[in-house]
Structure formats: structure tokens, C-alpha cells
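The values are calculated or read from the model by the stated rules, or taken from the named source; none is laboratory data. Just so it is clear, the model here is predicted, and its values are computed rather than measured. Every residue, glycine among them, receives a Cβ derived from its backbone with ideal geometry; neighbour counts consider all protein chains shown. SASA here: full protein model, heavy atoms, side chains in, ligands and nucleic acids out. Shrake-Rupley method; radii C 1.70, N 1.55, O 1.52, S 1.80 Å.
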Amino acid sequence: MILYFTGTGNSRYVARKIAEEINDEVVSINQLIKQESTDELISKNKPFIFVCPTYAWRLPKVVTEFIRKTKFSGNNKVYFIMTCGEDTAKAINYIQKLCDDKGWELKGMAEIKMPENYIALFPVPDKETAKQIIEEADKLIYKIASDIRNENNFNIVAPSGLNGTIKSGITNIAFYKFIVHAKGFYSTNQCIGCGKCVNLCPLNNIILKNEKPTWKNKCTHCMACISGCPTKAIEYKNKTQNKERYYLK
């Protein structure tokens, strides 16, 4: 069973590619969280595979919380695949701790560089550059899929030194404390009240009032609303004006 969490489509793309190669089931963590599903997840014959983006050099908090509270059975072997724009620093250390707590055997952790999508802070690549990055990523995806099919072990070795520790430690903590909140999102007069942002938000954090989106106090900065808006009507503070949107369908 392949479970993915995605904001703008990178991890969904990787999950589906792997699924095609190994003929496995794909499940959206976004939808499970959105529906507040508490059903037990069972994978009898194959390892569980988690595919998700890298948030400040670690698993997204919503993914970690989902894994901790969900019951998994049938197979205790797992793989983690993390999409990233740069690297995953020492995310592997936190993944290993999570696996230990769940009683899982971590068979592999890999990082796949995909187009930058965190428009709240960074520019995203133009379409041609994004296409080239994805084509390069495909080569690694096929290699990872082959290893998973054969249940090979593989892992990212956490970088030595203080830099990786700071990235996945102090920087991650600061990221969630000072940056990750819904304050700053707003819609412009280009909004047509279609409600797509409401449907895309995995945390049910957006509602429509007078056919305009309103953000509540729960947000994970997945960028689904701002990047998936069909009219580019959503902005974040003064950080996103005139920026290219990235959403991989």
C-alpha cells in the first residue's frame, strides 16, 4: 500500500509512478485526514510505502501525527520516499524514531528532488525547467520502484556535522512556530467562488463566506489552495504577487 500526502502534486506524482511499476494500491493521506477516517489500514503482502514532501527538512507534522494515531497491520516493513527541492538533512533520524515507536522495520528512505513549490517563501521554476527536473526525477523513481519490488534495503545517510542537525532540529521548530499559520492568506477580486480551495485543503481549514474563502486557525502551509486556484486569486501576504504558480496535475 502506497500512502501519499501532497500539496501541489509532487508526492502524488511519485506515488502513482511507483504504483504503476510495482502494481500496488495508492491511498491519499490528504483524503483520510480530510474525512477524519479512523479505519485500520492493512497491507498483507507488501510493505507500506509513505510518499510525502519535506517540510523544513523533516516529515510534515500532519503526516507524522497521522501515522502515530493510525493503526496499520498486516506488514511491519516500511519505506519512506520524500520529495524535496534541496535535501532532507537529518529527516532520516526522525523517521527511524517514528518507525521504532510503531514497531516497524524501516527498509528504506529516499529523497527525490522535484520542482520547488513553496511559493510562500521561494520562487517556483518555469514550466520548462520544472519539466526537466521531473524527467530527471523519473530515473530515480524507477530505480526506487525496482528496489521496493525486490524488497531491497536502501537509505539516505544523514549528513555529518552541525548543519544537518540544525536544519532538521532548530530550523524545523522555528518554521512551525513562526511561519506555519494561516494568517496572511487572502483572495483577490479574481476569486470566482468556485470552492476548489475548500476541496483541496487537507485540514478543512478553508470555508466559503459570501462565496469568498476564509481561513481558520489550522494550516500546514501545503500551498494547495494558493497553487491549485484556477484563477490565481489567492495570495500570501506580499510574498506571492506576480509569482508563477506550480501545481502538478
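See the values below:
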{"quantity": "Considering residues of region 66-116 that are among the small types (G, A, S) and under 15 Å from V157 (Cβ atoms) only, the residue surrounded by the fewest Cβ atoms within 10 Å (Cβ to Cβ)", "calculated": "G108"}
{"quantity": "Residues (open to solvent by less than 40 Å² (accessible area, probe 1.4 Å) and either assigned to a loop (DSSP other than H, G, I, E, B) or aromatic (F, W, Y) (or both)) located in region 233-249", "calculated": "A233, Y236, T240, R245, Y246, L248"}
{"quantity": "Scan of region 32-89 for residues that are free of Cβ contacts under 8 Å to residues at least 40 places away in the same chain, of a type outside the set (K, R) and out of contact with any strand residue (DSSP E or B) (no Cβ under 9 Å at 6 or more places or on another chain), ordered by number", "calculated": "Q35, E36, S37, T38, D39, N45, E65"}
{"quantity": "Contacts under 8 angstrom Cβ, first residue in region 117-146 being without any contact (Cβ under 8 Å) to a residue 24 or more places away in the chain and within 22 Å of I81 (Cα to Cα), partner of a type in the set (A, V, I, L, M) and surrounded by 12 or more Cβ atoms within 10 Å (Cβ to Cβ), 6 or more apart", "calculated": "I133/M114"}
{"quantity": "Within region 168-194, considering residues that are part of a helix (DSSP H, G or I) and open to solvent by less than 30 Å² (accessible area, probe 1.4 Å), the one nearest to K232 (Cα to Cα)", "calculated": "F175"}
{"quantity": "Contacts under 8 angstrom Cβ, first residue in region 181-204 being of a type in the set (S, T, Y), partner modelled with pLDDT of 95 or more and open to solvent by 50 Å² or more (accessible area, probe 1.4 Å), 6 or more apart", "calculated": "S187/K212"}
{"quantity": "Considering residues of region 151-167 that are more than 26 Å from N76 (Cα to Cα) and touching a residue at least 60 places away in the same chain (Cβ under 8 Å) only, the residue least open to solvent (accessible area, probe 1.4 Å)", "calculated": "G164"}
{"quantity": "Residues that are touching an Asp or Glu at 6+ places or on another chain (Cβ under 8 Å) and at pLDDT 95 or above, drawn from region 35-69", "calculated": "P47, I49, T54, W57, R68"}
{"quantity": "Any hit, region 147-157, residues being part of a strand (DSSP E or B) and not aliphatic (A, V, I, L, M)", "calculated": "yes"}
{"quantity": "Enumeration of residues in region 199-232 that are surrounded by 16 or more Cβ atoms within 10 Å (Cβ to Cβ) and in a helix (DSSP H, G or I)", "calculated": "L200, A224, C225, I226, S227, G228"}
{"quantity": "Region 1-19: number of residues that are of a type outside the set (F, W, Y), in contact (Cβ under 8 Å) with a residue 60 or more places away in the chain and open to solvent by 20 Å² or more (accessible area, probe 1.4 Å)", "calculated": "2"}
{"quantity": "In region 120-158, residue modelled with the lowest pLDDT [restricted to those that are of a type in the set (G, A, S) and within 21 Å of Y55 (Cβ to Cβ)]", "calculated": "A158"}
